[in-house]
Amino acid sequence: MVASEQFLQTVTDQMKLVRDEIGKVIVGHDDVVEGVIIALVAGGHVLLEGVPGLGKTTLLRTLGRAMHLDDSRIQFTPDLMPADIVGSMVLEADSLGSKELRFQPGPIFAHLVLADEINRATPRTQSALLEAMQERTVTTGTTTHQLEDPFLVMATQNPLEMEGTYPLPEAQLDRFLLKLVVRYPTKQEMEEIVDRTMAPQSPVVHQVMDREQVLDARRGAHDVLIAPHVRDFAIRLILSTQPEREEAHASAKKYIRYGSSPRGAQALIQAGRVRSLMRGRLNVSLGDLRELALPALRHRIILNFDAHAEGKTADQVLNGIIESLPEGTL
């Protein structure tokens with residue numbers, strides 16, 4: 001399928017309608033809403049970080065209603081087991097008394113899966129979810145079960161300073177297409193939240209897309225053009241975060257212990273293509289990559305002791321690198 005102007009307009013209109021429907025329920029968080037839609041269409045997963053009570057659960061369920069997709073929620077706790085996520089074999093007896101083993105699917109078998117407070121579970125349980133995310137399959141015994149597309153895991157993570165959290169290993173963090181930070185609402189947004197809470201009726205969310213249209217948009221995103229200088233910008237940005245390289249930025253050499261993997265460049269290109277569709281374009285711009293650089297890379301770099309000692313955050317270090325990067329070719 002070669003993307004046409006008619007297809008472009010259709011996808012752009014559909015995604016705008018989805019955002020409008022979500023806006024009936026979610027106040028603010030425009031960047032987070034856009035990031036989750038981008039991850040879904042791009043075929044990736046998203047990690048949300050923020051304190052409880054900022055609407056992360058409501059966002060996924062509203063997205064499911066607007067796109068007519070199945071959704072499920074897994075509350076991660078220290079005693080959660082892998083079988084509680086992927087499912088398990090159960091012994092069933094029929095009316096004649098004969099017994100057989102049958103696979104009982106777990107909550108991972110949905111289009112949209114909310115992994116709530118993922119860093120409250122043990123690493124063993126975390127890995128069960130992340131394996132399904134990577135392979136898009138669940139294996140029980142000798143049988144492999146395919147997860148249906150589209151498949152999005154939106155994992156929420158409490159700030160690591162909070163009590164009872166297990167930090168996600170770096171290799172598992174790398175499997176998330178984007179990491180989005182959910183911040184506190186502004187005063188005006190808080191007023192609107194309170195006003196909606198006092199309203200006599202809850203807003204009605206209408207279906208404006210379906211599964212096939214999401215998959216069509218994903219296929220169309222592969223036809224979005226990447227100019228050579230845009231591709232080179234993504235590559236140079238990744239190389240600039242790797243402190244052992246000659247191309248590394250001075251801030252990377254000073255503050256970064258491990259830079260981004262090649263998945264960082266892939267995430268920038270995948271997400272950039274979808275963002276350009278949402279903006280009504282069939283080509284990725286440098287502006288797309290600059291806007292997506294923090295969500296795509298903030299969880300893919302590891303700061304060193306000097307950065308922590310000076311109070312530097314991953315966003316601060318990355319912003320310094322992004323702003324200094326020229327827009328020419330390699």
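Could you please find all residues in segment 159-217 being among the aromatic types (F, W, Y), open to solvent by 60 Å² or more (accessible area, probe 1.4 Å) and at pLDDT 85 or above? Even if it seems obvious, please write down each step before you answer.
Step one: list which residues in segment 159-217 are among the aromatic types (F, W, Y), which gives 166, 176, 184.
From the residues that got through so far, the ones that are open to solvent by 60 Å² or more (accessible area, probe 1.4 Å) too are 166, 184.
Y184, the sole residue that qualifies.
Kindly evaluate G55 against the criterion of being at pLDDT 90 or above, buried (at least 18 other Cβ atoms within 10 Å of the Cβ) and at positive phi. Break it down into steps so the answer makes sense when it comes.
Working: at pLDDT 90 or above: no; buried (at least 18 other Cβ atoms within 10 Å of the Cβ): yes; at positive phi: yes.
Here the answer is no, as G55 does not meet what is asked.
R183 versus (1) under 27 Å from D30 (Cα atoms); (2) touching a Leu at 6+ places or on another chain (Cβ under 6 Å): which is the lone unmet condition?
Checking R183 against (1) under 27 Å from D30 (Cα atoms); (2) touching a Leu at 6+ places or on another chain (Cβ under 6 Å), the one that fails is (2).
Hey, could you check segment 262-282 for residues that are of a type in the set (K, R) and surrounded by fewer than 20 Cβ atoms within 10 Å (Cβ to Cβ) and say which is nearest to L297 (Cα to Cα)? Break it down stepwise before answering.
First pass over segment 262-282, keeping only residues of a type in the set (K, R): 263, 273, 275, 279, 281.
Next, from what is left, pick out any that are surrounded by fewer than 20 Cβ atoms within 10 Å (Cβ to Cβ): 263, 279, 281.
Values: R263: 9, R279: 22, R281: 24 Å.
Of everything passing the filter in segment 262-282, R263 is nearest to L297 (Cα to Cα).
I want to confirm something. Restricting to segment 74-88 and keeping residues that are in contact (Cβ under 8 Å) with a residue 12 or more places away in the chain and in a loop (DSSP other than H, G, I, E, B), which single residue is surrounded by the fewest Cβ atoms within 10 Å (Cβ to Cβ)? Talk me through it step by step, then tell me what you get.
Of all residues in segment 74-88, those in contact (Cβ under 8 Å) with a residue 12 or more places away in the chain come to 74-78, 80-88.
Add one more test, that the residue is in a loop (DSSP other than H, G, I, E, B), and what stays is 76-78, 80-82.
Details: F76: 22, T77: 14, P78: 10, L80: 20, M81: 13, P82: 19.
Taking the candidates together, the pick is P78.
Just a yes or no: is a residue in segment 270-277 out of contact with any strand residue (DSSP E or B) (no Cβ under 6 Å at 6 or more places or on another chain), farther than 22 Å from K16 by Cα and among the small types (G, A, S)?
Checked against the condition, which is being out of contact with any strand residue (DSSP E or B) (no Cβ under 6 Å at 6 or more places or on another chain), farther than 22 Å from K16 by Cα and among the small types (G, A, S), segment 270-277 yields no hits at all.
Here is a list: A110, A115. Which entry is open to solvent by less than 10 Å² (accessible area, probe 1.4 Å), closer than 17 Å to D84 by Cα and small (G, A, S)?
Details: A110 fails: open to solvent by less than 10 Å² (accessible area, probe 1.4 Å).
After ruling out the rest, the residue left standing is A115.
Kindly indicate whether any position in segment 89-105 is within 18 Å of the chain's Cα centre (by Cα) and part of a loop (DSSP other than H, G, I, E, B).
Step one: filter segment 89-105 for residues within 18 Å of the chain's Cα centre (by Cα), giving none.
No: zero hits.
If I108 satisfies all but one of (1) assigned to a loop (DSSP other than H, G, I, E, B); (2) under 23 Å from P150 (Cβ atoms); (3) at pLDDT below 85, what's the number of the condition it fails?
Against the list (1) assigned to a loop (DSSP other than H, G, I, E, B); (2) under 23 Å from P150 (Cβ atoms); (3) at pLDDT below 85, I108 comes up short only on (3).
Give the residue that is surrounded by the fewest Cβ atoms within 10 Å (Cβ to Cβ), with candidates limited to residues of segment 288-309 that are touching a Phe, Trp or Tyr at 6+ places or on another chain (Cβ under 8 Å) and not small (G, A, S).
First, pick out the residues of segment 288-309 that are touching a Phe, Trp or Tyr at 6+ places or on another chain (Cβ under 8 Å): 289, 299, 301-304, 306-307.
Still in the running and not small (G, A, S): 289, 299, 301-304, 306.
Details: L289: 25, H299: 25, I301: 24, I302: 14, L303: 17, N304: 15, D306: 12.
The extreme case among them is D306.
The values are calculated or read from the model by the stated rules, or taken from the named source; none is laboratory data. Because the structure is predicted, anything quoted here is derived from the model rather than measured. All Cβ positions, even for glycine, are placed from backbone atoms using ideal geometry, and neighbour counts span all protein chains on display. Only protein heavy atoms, including side chains, enter the accessible area calculation; ligands, DNA and RNA are left aside. Shrake-Rupley method; radii C 1.70, N 1.55, O 1.52, S 1.80 Å.
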